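None of the figures in this text is laboratory data; all of them are computed from the coordinates on show. These numbers come from a predicted model, not from an experiment. Ideal geometry is used to build each Cβ from the backbone, glycine not excepted, and the neighbour counts take in all protein chains shown.
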Amino acid sequence: MSEARPVPKERERAARRRPQPRQAAASHGVIEDSPTFCVAPFTTLSLYPTGLVTFCCKNPTVLGSYRDTSLEELWSSPRLKQIRQSSLRGERHPSCVHCWRLEDQGAVASWRQNLNTRLAQIVPEVLAAARPDGTVAAMPRYVEVSMSNLCNLRCRMCSPELSTSLGKLWEEAAGPGEHREKPVLLQRPFDRLESFIDDLKAIGPSLEEIFFFGGEPLLDKNLLAVVDALDPWKSRIAASLNTNLTRLSSSGIATLERLQQFRSFNVSVSIDGHRKLNEYIRVGVDSGIVERHARRLAAMFPQLKLCATISPQALNILHWADTITYISRMFEPEYLSTSLVLNPAHMSVRSLPQPLKQLAARRMRRFNDDVLPTLGVNHNLGSAHIRAIGEDAIRFMEEEGDSDREWGRFCRYITAMDARTGQSILDVVPEFRDHWMPD
Ligand code: SF4
């Protein structure tokens, strides 16, 4: 074990300095409904298995690598400082184009607007800690950590960066130049667990939320130690974890028991289709096991908020209605979130040929109007929310894209994968039959 690294004085001070909201707002003169202010660059760091660190899932900016740069330096990296400065000055930083586009269209709230609303009560404190040079006199409040890319599944829209199991299949199925990265083996964002734990403890006093993702975090042998390191602050930290819920080992259960003692705790299960479609997309899933595990968790942890995450993509958008119905009936989630597949581009809903896009949109709107109101979804989940995320997916699908080229790539990739997994896309999505281009 290494010696614990001392907490830098500035870090200690910053963590303790919690200004009163009213003073803070007045000192910056930034109004709550600023058209550019975003809370994300002032609050969040996300660590990926490759070591790369980002701060917002909608912003592609990479701040650097945790392998060679400390969390403190990344938090004050020139790129992040520049984005914060733009945000405060009323300028639209180009890297936030995802949000600007949605805001210009005006049909749905952007990620920025949703975040600012959700975190409205901390905005004054955040502003008070922000300095004109783009540094922040506080450490991140929200940290997202991928423990590793260790995963037992081979989801078709995933990459080896996020699943160790996918490597060989992915390499064989992808044609030359069809993918961004080379297959990789096991990766963790840190070289030494002890150093990572020291860093996490250093930001423990300012931490309010932590989110664990993977790979499959419940398979990772280090997760329990990381969770235990946060024990002194657990009554202040909201914890959440994303899982495929295919394995519940004794160490996984022990981790969940610890997480249950945090201020709040939710588990989000990734589901990408109705029973059969989910098994097709998430290669290696047994839906019966996932359903059993969900019931077991609900029985073991009555306080647990069970949520579901769906990744809208070319493979499931035509079966949105069945997928939502399955998820809401089988898992009764407290909340449903979506993570639109953007990369690889050929897996995105935009790669579908026009007639299939139109069919998907018609079905989704019919579902929203005719079925959703009668579905009896969990009252926390809310049919308005499901309608909104469906509309978001339709809007994204209908935006311009190079669907001719991407559809060809999609067909080749899925055909090559099917040949190796012994499955057939046309069994689960027969609507593709008239458009299929396997060569
Ligand atoms: S404006 Fe949007 S893209 Fe930019 S940091 Fe905020 S949420 Fe992310």
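Every condition in (1) of a type in the set (D, E, K, R); (2) touching a residue at least 40 places away in the same chain (Cβ under 8 Å); (3) within 26 Å of ALA393 (Cβ to Cβ); (4) more than 12 Å from the ligand (Cβ to nearest atom) is met by ARG89 except one, and the failing one is (3). Within the stretch 329-350, one or more residues are touching a helix residue (DSSP H, G or I) at 6+ places or on another chain (Cβ under 9 Å), of a type in the set (D, E, K, R) and surrounded by fewer than 16 Cβ atoms within 10 Å (Cβ to Cβ). Going by what's in this entry, would SER46 be described as closer than 30 Å to PRO217 by Cα and out of contact with any Gly (no Cβ under 7 Å at 6 or more places or on another chain)? Against the criterion (closer than 30 Å to PRO217 by Cα and out of contact with any Gly (no Cβ under 7 Å at 6 or more places or on another chain)), SER46 qualifies. Restricted to the stretch 106-132, and to residues there that are assigned to a helix (DSSP H, G or I) and away from the ligand (no atom under 14 Å from the Cβ), the residue that is surrounded by the fewest Cβ atoms within 10 Å (Cβ to Cβ) is GLN121. For the stretch 54-84, the set of residues classified as more than 16 Å from the ligand (Cβ to nearest atom) and either among the small types (Gly, Ala, Ser) or under 22 Å from VAL123 (Cβ atoms) (or both) consists of GLY64, SER65, SER70, SER76, listed by residue number. Screening the stretch 219-326 for helices (runs of 4 or more DSSP H) wholly inside it with 2 or more residues that are farther than 17 Å from SER163 by Cα and among the β-branched types (Val, Ile, Thr) returns the ranges 223-229, 250-259, 287-300.
Among the residues of the stretch 261-297, those that are under 27 Å from TRP233 (Cβ atoms) and free of Cβ contacts under 8 Å to residues at least 40 places away in the same chain comprise GLN261, PHE262, ARG263.
Contact map, the stretch 355-366: residues that are without any contact (Cβ under 8 Å) to a residue 60 or more places away in the chain paired with residues that are surrounded by fewer than 14 Cβ atoms within 10 Å (Cβ to Cβ) and aliphatic (A, V, I, L, M), Cβ distance under 6 Å, separation 6+ or inter-chain. No pairs are found.
Yes/no per residue for (1) surrounded by 17 or more Cβ atoms within 10 Å (Cβ to Cβ); (2) closer than 26 Å to MET417 by Cα; (3) of a type in the set (Val, Ile, Thr); (4) out of contact with any Lys or Arg (no Cβ under 8 Å at 6 or more places or on another chain):
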position	(1), (2), (3), (4)
SER270	yes, yes, no, no
GLU279	yes, yes, no, yes
ALA294	yes, no, no, yes
PHE301	yes, no, no, yes
